[in-house]
Amino acid sequence: MRRYDEEIDVRRGLVAGQEAPAQFLWRGRLWVVRDIIAHWVETGAWWDQPGVGALFGAADEGEPEAGGARTRCADLLDERELWRVEAIRARADTGVFDVSFGWALGQWRLVCCVD
């Protein structure tokens, strides 16, 4: 498996009866999704963020960040949706890719490619 963290352009559509990434442009090449292998949602590492202890009644170290509790709670809700897809390029090359959509930035990324 090769890991990436590259922004990609994605066109959503119906794939195997569900709305998902249907095509993506990566490094100037168009990949067409043939199948959805898996779909899941990941949250950010909320337990590692400053101020989390205060949300659960524990003592908080230091001064609160700018924005206070609202900023911290917004950080806790940082999620990304991931799809593992089988895609084809130019009727010859096929591959399995993990693509993600980050809700915080509204951005699509190529996460990895399975060899």
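Annotation: for a label point projected 7 angstrom from Cα along Cα→Cβ of Ala16, residues of region 23-55 with backbone N closer than 20 Å are 23-25, 31-42.
Note on region 96-115 and region 1-60: Cα centroid distance 5 Å, given to the nearest whole angstrom.
Read-outs: derived from the displayed coordinates by stated rules, not from any lab. All of these numbers come straight from a predicted model, not from anything done at the bench. So basically every Cβ, Gly included, is an ideal-geometry build from the backbone, and we count neighbours across all protein chains shown.
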